[in-house]
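The values are calculated or read from the model by the stated rules, or taken from the named source; none is laboratory data. Please read all numbers here as calculations on a predicted model, not as lab measurements. FYI the Cβ positions are ideal-geometry reconstructions off the backbone, even for glycines, and counts take in every protein chain you see. Accessible surface areas use protein heavy atoms only, side chains included; no ligands, DNA or RNA. Shrake-Rupley method; radii C 1.70, N 1.55, O 1.52, S 1.80 Å.
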Amino acid sequence: MKSKTPQGEFFDALETMSPEEREKYQIQKLREAIEHAYKHAPSAREILDRAGVSPSQIQTVKDLEKIPITRKVDLIELQRAKPPYGGFLAIPLEEVERVFITPGPIYGPHHAEGISWFGKTFYAAGFRKGDVVINTPTYHMSPAGMLFHEGIRACGATVVPTGVGNTDAQIRTMLDLKVTGYAGMPSFLMTIIKRAEEMGYDFRRDFALKRAWFTGEMLPASLRKTLEEDYGIAIFQCYSVTELGGCVAYECPQKSGMHFMDEYIIEIVDPQTGKQLPPGEVGEVVATPLHNKTWGLIRFGTGDMSSYITEPCPCGRTSYRLTGIVGRATDAVKVRGMFVVAKQAEQVFSEFEPISRYQIIVGRRAERDELVFKVELKDESIDKAKLADTLADRFPQVCRVRPDRIEFVSPGTIPEERQTIVDTRTWK
Ligand SMILES: [Zn+2]
């Protein structure tokens with residue numbers, strides 16, 4: 001199905017719906033998606049039946065809490081037990097147009113009709129007719145290459161399907177075709193730039209690259225700054241999940257969080273209970289596709305930890321925003337009701353140059369969770385009280401909970417190979 005290339009500031013009317021319009025739209029789509037999955041995907045039906053929930057009981061987003069979360073491990077197991085699609089195929093087998101294979105293996109049946117919405121993320125990143133874009137993810141097995149390709153096309157831009165690797169050929173292509181856009185991983189763009197510099201080029205002067213769209217890898221703030229300031233490339237990120245067949249959240253020119261894609265219901269939940277968490281609290285990203293009649297997946301738990309904000313964005317898009325992926329649910333420990341994610345904690349400690357090694361110990365004392373930091377210093381002579389105060393103030397700004405105690409221990413006390421967070425509580 002060919003849709004018209006958008007002309008205005010926004011890709012489609014969904015991006016600027018009022019909160020009331022969005023609620024109405026999403027509820028309607030959610031009911032349809034659940035009913036369709038229940039009717040056509042045997043595993044979706046089993047999940048609901050086992051939970052004692054009928055599709056008619058799902059009338060609000062909050063009602064989704066009644067349905068258990070399905071994770072990647074469940075998908076792999078179900079596909080082994082009920083090959084090839086694990087009972088989630090919701091269209092006749094012969095209607096499947098493409099099958100993507102991702103590690104597991106997980107077989108992902110796709111029907112390509114109507115995926116032009118994926119273009120929203122590229123449009124928000126400024127890709128337009130006249131742009132020439134190298135699309136560098138792989139085109140085989142994984143859905144990445146082909147989906148991004150179609151998303152870029154939906155903005156009217158020209159795609160060069162360069163795929164993964166072949167750095168020198170990518171460089172030649174960028175020069176010859178005056179490539180203005182890049183889609184792929186940040187590390188590979190950096191590889192291209194470094195190689196071009198080795199070859200004697202001045203990247204900013206000799207190349208036409210204006211914007212880059214990234215997914216699949218965390219983008220360190222320092223790398224973004226380098227690419228934007230030193231190389232003059234506008235950088236945009238998207239959060240995509242292979243099992244969900246697309247982009248779940250995307251950056252706009254404000255680059256302050258990633259807008260929820262209206263083609264999904266996105267929840268941030270406590271990974272242990274599946275209950276929804278309020279804005280600002282860190283939990284697991286769980287998404288239910290609303291656009292996908294092929295794949296009857298409901299409440300897919302991504303294992304990624306994030307939080308969301310509801311403040312209106314100056315860009316004019318009205319959906320809520322994910323604040324960025326802060327780590328994995330398996331590396332998260334709940335302390336006084338808040339999830340502390342190892343990666344986030346590591347980020348805080350990395351800001352403190354005098355600290356050589358550290359470990360976070362979660363315990364329980366007097367019916368209360370206790371958070372203790374053990375810290376080794378590079379130089380024992382520094383002002384420990386001052387460092388402890390600064391660290392105790394900084395930590396809750398990122399991880400939402402304040403340490404109860406910071407203990408300085410002598411060098412060598414904390415093993416080199418260690419877990420960032422150790423949970424010593426006997427019950428959790
Ligand atoms: Zn925005």
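Observations on the structure shown:
- Cα coordinate range in the stretch 38-184, projected on the principal axes (Å, largest first): 60, 32, 26
- Using the Cβ-Cβ distance between His140 and Thr390 with R0 set to 45 Å, the FRET efficiency works out to roughly 0.35.
- Mean accessible surface per residue for the chain, computed with a 1.4 Å probe while every protein chain stays in place, in Å²: 46
- Note on Lys82: lysines with a C-alpha under 17 Å away, same-chain residues under 8 apart excluded, are Lys72.
- Annotation for the stretch 331-428: chymotrypsin sites (Phe, Trp or Tyr not before Pro) lying in DSSP loop with at most 10 further Cβ atoms inside 10 Å of their Cβ are Trp427.
- The chain: most fluctuating residue of Pro411, Pro143, Pro278 per GNM, C-alpha cutoff 10 Å: Pro411
- Formal net charge of residues neighbouring Gly126 (Cβ-Cβ distance under 9 Å; K, R +1; D, E -1): +2
- Here the accessible area is traced with a 1.4 Å probe on the protein chains. For the chain, carbon and sulfur cover 52 percent of it.
- Listed residue pairs exceeding 20 Å between alpha carbons, taken from Lys343/Lys374; Lys4/Lys120; Lys62/Lys343; Lys194/Lys343; Lys24/Lys62: Lys62/Lys343; Lys194/Lys343
- Normalised by the number of residues in the chain, the average gap of Cα pairs under 8 Å and 6 or more apart makes the relative contact order 13 percent.
- Comparing Leu227, Leu377, Leu277 in a Gaussian network model of the chain where C-alpha atoms under 10 Å apart are linked, the largest mean-square fluctuation is found at Leu377.
- Arg31 sits with roughly 80 Å² accessible to a 1.4 Å probe, with DNA, RNA and ligands left out of the calculation.
- Estimated purely from DSSP H runs of n ≥ 4, each contributing -39500 (n - 2.57), the mean residue ellipticity at 222 nm for the chain is -8000 deg cm²/dmol once divided by its residues.
- Taking a ≥ b ≥ c as the square roots of the eigenvalues of the alpha-carbon gyration tensor, the chain is classed oblate because a/c is 1.5 or more while a/b is no larger than b/c.
- Comparing Gly257, Gly327, Gly363 in a Gaussian network model of the chain (Cα springs below 10 Å), the most mobile by mean-square fluctuation is Gly363.
- The value of relative contact order for the stretch 281-345, using C-alpha pairs under 8 Å at least six residues apart, is 29 percent.
- Only aspartates and glutamates eight or more places from Lys378 in sequence, or on another chain, were considered; those with a Cα closer than 20 Å are Glu346, Glu351, Glu353, Asp389, Glu407, Glu416, Glu417.
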